[in-house]
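One structure is given here, and the rest of the page talks about it.
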Amino acid sequence: MFESITRAGCGRTGKLVRENQHIATPVLLATDSDRYLPGFVPEIYINNHDGRNHIYFPDFVSNGKVDVPGIHIPFPEYSGYPYTAKCASEPAVLENACVIGPNTDLKLIASVRDEIDLFILENSIELYQNSKMFVDTLARMRDAIGYQSALYMPGVALPNNVALLAYMGVDMFDTARVALLSGQDWFMTADGNRQEKDYCACKACEDDEDIYRHNTQALHSELMNVRKRITNGTIREFVEYRSKTSPKLVEILRHLDMHHFAYQEERFPVVSSKFTATTRLALGRPDIVRFRNRILERYRKPATPDVLVLLPCSAKKPYSSSKSHGFFARAVEESRAGPRIHEVIVTSPLGLVPRELELFYPAQHYDIPVTGHWFEDEKVMINRLLKEYIKINKYIHIINHLGDTELLDGIEAESTAHGNPTSDESLANLTRALAAFSDGKKDWKNRASEEITAMAAFQFGPIASEIFTGCAMAGRFPQVRVIRNKVQLATISQANGMLIPTIDGAELLADAGVHVVRIENFEMTGNLFAVGVQSASPEIRVGDEVAVVRDGETVASGTARMSGDEMTQSKRGEAIRIRHKAH
Ligand SMILES: [Zn+2]
């Protein structure tokens, strides 16, 4: 049995269970032979002492030797481990394991997957030689296998690629390739492979032992880091660092970002940890691309303000807590045109962040080097986004306070910042330009309500703007409540800007059919597990706020721990962390 526990990127941590033993994933299999002694104590072994391949969990290990073999997972007869020209066109099942090949029929895989907890992708190493084919096949196979089985790719793991492979959804690796390359005197670290030994303080190097022991130890410690990075939600950033060690890895990640956005987006949480976007690869991060897409597809500006002010981002987040945005706020206030002004922050790699979305993930969660210089692809991205944005959201006037006119190529706007946007001169220009709209034609009356509508649409999809229409905000940050007709519908999270629905708010979502999880007829105690889920809206992502419905009645609200598809498909694992229950 396999169960996912935490998810980040397309990777997950989980456990593979055999009777009373379990093994944490992602995991590294060590070759069990007299010739190769790994530089670490393995959690799981592979051997072929009887001429056939087995994976087994050791009961206990001493001196690098297994004393008592644990429970076996036999490989089917024609398994491709470590490599065979034979390739499975049909899934080869033996007990709970199954060998598949790049050409195995996807329907056949889907038909056996409920009985299988470990899929082994044959010819992985051949496949790996062609980056495009490798990525395409992996995404296709991972989809066919589903969420409830582990995937093992024999013979591909190295210390510098194992983060990327785990991020893409591979759960099990081995030391085979490291053994092969160690024989050719390659010295491996997470920074890549060299034919010259670097200084290293690991136990194997200290004892001047075989290079294989160093290399397996490097792979093992990298894998342990990967587990941690998945658990704390920073695996994508980690993968971007590691990819820089080899053109091959950049090739794989780029292809994945460019051609498998849907595969990744479905698995990417909507809330995660802070990260740094220091490489160009961050432009293609699926959670960042999703933010940009949702600005165009879901977001609509508040109705009242009709003058767009484009502002630069700040290093400090949320933007409004920074010194520069304090200056901008004062300039807007002094103009007395506030009700007509809509502030949108222009930033890379995120694109456009309307002021009322500045708490949403990842708007207050990313760090970038602030150089004031835009790369060509960033300019193109922002210019395109802006043009689309103003086509959808109508303003009568646009003020560009970025201190840069290049980004607005082809867009009619009044520039107020010359050089530094926070200089006295620039700020005075801004106030003066805005003051032209201080005619008292608009007021603040509906602003809070319009902002809630905009936030709801961004978070739940366009239909939510109708559900959350006519609401007011009450209380002060960080305890802001969303209220309509004296009924509290939600609170606003300071951590990620999202509306956190109460039972009444969840009922509205359920009525509209968005972010709904329907459950079997049982009494819920504590959190909701996937086994109790009947169906879930496919747009639900990890971290989303959802309504839980039983027999047509909204019984709870909570935070999704799986995507809608995963909780519908799965029979194990926590699906929803329950926040409120109906009485
Ligand atoms: Zn070493």
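The numbers here are math on the coordinates, done by the rules we state, and not lab data. Just so you know, these numbers come straight off a predicted model, no measurement behind them. Because the Cβ atoms are built from the backbone with ideal geometry, glycine has one as well, and the counts that use them run over all protein chains shown.
Table for the structure above
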| item | result |
| --- | --- |
| Amide H contacts of ALA490 (H built 1.01 Å from N, under 5 Å, at least 5 apart or other chain) | VAL482, THR502 |
| Cα-centre dipole for the chain with unit charges at Cβ (Lys and Arg positive, Asp and Glu negative), debye to 20 | 1740 |
| Residue (of LEU118, ALA282, VAL555) at the positive-pole extreme of the chain, dipole from beta-carbon charges | VAL555 |
| Residues with amide H under 5 Å from that of ARG541, placed H, sequence gap 5 or more | GLY564 |
| Rounded if a/c under 1.5, otherwise prolate or oblate - the range 299-435, Cα gyration tensor axes | rounded |
| Mean projection area, nm², convex hull over Cα of the range 463-581 | 7.1 |
| Charge dipole (the range 336-404, unit charges on Cβ, about Cα centre) - positive-most of ALA337, ASN400, GLY351 | ALA337 |
| Hz values of 3J(HN,Hα) by residue in the range 265-277 - Karplus curve (6.51, -1.76, 1.60), Gly and Pro given as x | 4, 4, 9, 7, x, 8, 10, 7, 7, 4, 8, 9, 10 |
| For the range 122-235: rounded, prolate or oblate by the Cα gyration tensor [a/c cutoff 1.5] | prolate |
| Computed magnitude of the charge dipole of the range 463-581 (debye, nearest 20; Cβ of K, R +1, Cβ of D, E -1) | 460 |
| Backbone N within the range 466-481 under 19 Å of label point (7 Å from GLN494 Cα along the Cβ vector) | 473-481 |
| Over the chain, volume per residue of the alpha carbon convex hull, in Å³ | 167 |
| Using a Förster distance of 41 Å, the FRET efficiency for ASN103-ASN446 (Cβ separation, nearest 0.05) | 0.10 |
| Table column - 3J(HN,Hα) (Hz), the range 566-583, Karplus curve with 6.51, -1.76, 1.60, x for Gly and Pro | 5, 6, 5, 7, 8, 10, 9, x, 6, 9, 9, 7, 6, 10, 10, 10, 6, 9 |
| Residues whose placed amide H lies under 5 Å from that of ALA30, excluding near-sequence neighbours | ILE44, TYR45, ILE46 |
| Rough spin-label spacing in nm, given labels placed 7 Å along Cα→Cβ, for ASP198 and SER438 | 5.9 |
| Three-way shape call for the range 266-324 based on the alpha-carbon gyration tensor, with the a/c threshold at 1.5 | oblate |
| 14 Å Cα-Cα reach of LYS441 towards aspartates and glutamates, excluding residues that sit fewer than 8 places from it in its own chain | ASP306 |
| Integer Hz, Karplus 6.51/-1.76/1.60 couplings in order for the range 151-161, x for Gly and Pro | 10, 10, 10, x, x, 10, 6, 9, x, 8, 10 |
| Extreme residue, positive dipole direction of the chain, given options LEU16, THR371, PRO91 (C-beta unit charges) | THR371 |
| Partner aspartates and glutamates for LYS15 [C-alpha distance under 15 Å; skip if fewer than 8 residues away on the same chain] | GLU3, GLU43, ASP117, ASP171, GLU574 |
| Net charge dipole size for the range 89-182 [Lys, Arg +1 and Asp, Glu -1 on Cβ; Debye, nearest 20] | 360 |
| Extended-chain gain in nm, criterion 0.36 nm per residue less alpha-carbon gap, LYS379 and ASN521 | 45.8 nm |
